[in-house]
Amino acid sequence: MPISSRRKSVAFFITLGSCLVALAVALNVGWVLLNWREVALLVLGIIFFVLIIVGLVLNTTFLIREIRRNEQHDAFINSVTHELKTPIASIRLYLETLKSRDVGEERRREFYDIMLADSDRLLRTVEQVLRAGRAGHRQRSALSTVVDLGEVVRECMELARVRYKLDGDSLVFAERLDGEPARVAGDPEELQTAVSNLLDNAVKYSGGEVRVSVELAALGDRRVAVRVADSGVGIPATQLKRIFKRFYRVQGDFMARVKGTGLGLFIVRSIVERHGGRVFAESAGLGRGSTFTIQLPRA
Ligand code: ADP
């Protein structure tokens, strides 16, 4: 073979060899790249899939929550309208009767008492709505006054006795203190609202016979507790935390008959938390009564 043709064939075989090596490398690298891409695509696919599913779940949860909140707002507006209209209608009726007829002195006094009770009810509803609005804005008020919680509780009980015409057996009080009075730093009016709301609920959700017991107890020397226990309709275990949310009301036959705004416990919780304490509910179940406990730091 002449040198030129040998060189040509060497060049050819070197080129062929190089081409084959390049092809093999290209094939191998390509194969690796292709597979790596597939693996990468697979991993990306899984990540996107998980993200889409999480997004869907979040979206659905958000939607359901919004729908529930809307329902609660509707129920709230209905009950507030009812709570505002009923006493006004009643006051109007008595005023019209007083205007158009000659009523005896005794009846007249009775009418005045009813109208006063109705205007109290009206005022309570308006105050509750205003308080809930303020609680929503987490306004900070000065909590520097030292308040005797025992006194607050006794005043609230007296108010409840008069308001709901309760005798000594229906509403009982027990004090388990360690010799020292239960003093807390706070706003006496707000603390009264919190305790009164619990008492109002205890009577309202008693069902038939009212049997409410209130206890003021020392929890060591740092905290005090007020417990309001009733033997009424009770609360299902799943709802014990939710009832403190704004507008939340337990659904059910009995609950539908008892009117309310779903604001009371929300107000209680905001007041107690502002005082550095906590409030929680316990119940053995439906029909077995409930106990609400407010714990506050001692002054
Ligand atoms: P309202 O009484 O106006 O509905 P609240 O915020 O005071 O609003 O109470 C929220 C819900 O908690 C009530 O609708 C009721 O279902 C439940 N609840 C509150 N107190 C009691 C109680 N003592 N016994 C049973 N259920 C209660």
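Okay, here's what the table says:
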read-out	value
Highest-fluctuation residue, Leu95, Leu44, Leu263 considered, GNM on the chain with Cα pairs under 10 Å	Leu44
Distant-in-sequence amide H partners of Thr145 (H built 1.01 Å from N, under 5 Å)	Gly186
Phi-based couplings in Hz for the range 251-257 (Karplus 6.51, -1.76, 1.60; Gly and Pro marked x)	7, x, 4, 5, 4, 5, 7
Equivalent ellipsoid semi-axes - Cα gyration tensor, the range 179-259, angstrom	27, 15, 13
Degrees separating the helix 149-163 axis from the principal Cα axis of the chain, which is the longest one	70
Note, ³J(HN,Hα) from phi for the range 238-246, Karplus 6.51, -1.76, 1.60, rounded to Hz, x at Gly and Pro	5, 9, 4, 8, 5, 4, 8, 7, 5
Degrees separating the helix 264-274 axis from the principal Cα axis of the chain, which is the longest one	70
Rounded to 10°, Cα long-axis angle of helix 188-204 versus longest principal axis of the chain	90
Net dipole in debye of the range 1-111 [+1 Lys, Arg Cβ; -1 Asp, Glu Cβ; about Cα centre; nearest 20]	840
Tail weight of P(r) past 26 Å, computed on alpha-carbon pairs of the range 60-207, percent	48
Gap separating the Cα centres of the range 102-120 and the range 22-82, nearest whole Å	65
Candidates Glu71, Glu175, Glu110, ranked by Gaussian network fluctuation over the chain, Cα under 10 Å, top entry	Glu110
Scattering curve values for the chain, log₁₀ I(q)/I(0), Debye with Cα scatterers, q = 0.10, 0.13 Å⁻¹	-0.71, -1.02
Cα-based convex hull volume of the range 233-299 per residue, rounded to whole Å³	83
Selected from Val25, Val184, Val162 as most flexible by GNM, with the chain as the system and alpha-carbon contacts under 10 Å	Val25
Solvent-accessible heavy-atom area per residue, rounded to whole Å², over the range 187-299 at 1.4 Å	44
Relative contact order computed over the range 122-217 (Cα-Cα under 8 Å; 6+ residues apart), in percent	39
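The values are calculated or read from the model by the stated rules, or taken from the named source; none is laboratory data. Predicted, not measured: the structure shown is a model, and the values here were computed from it. A quick note on method: Cβ atoms are made from the backbone with ideal geometry, for glycine too, and the neighbour counts reach across all protein chains shown. Surface accessibility is based on the protein's heavy atoms, side chains included, excluding ligands, DNA and RNA. Shrake-Rupley method; radii C 1.70, N 1.55, O 1.52, S 1.80 Å.
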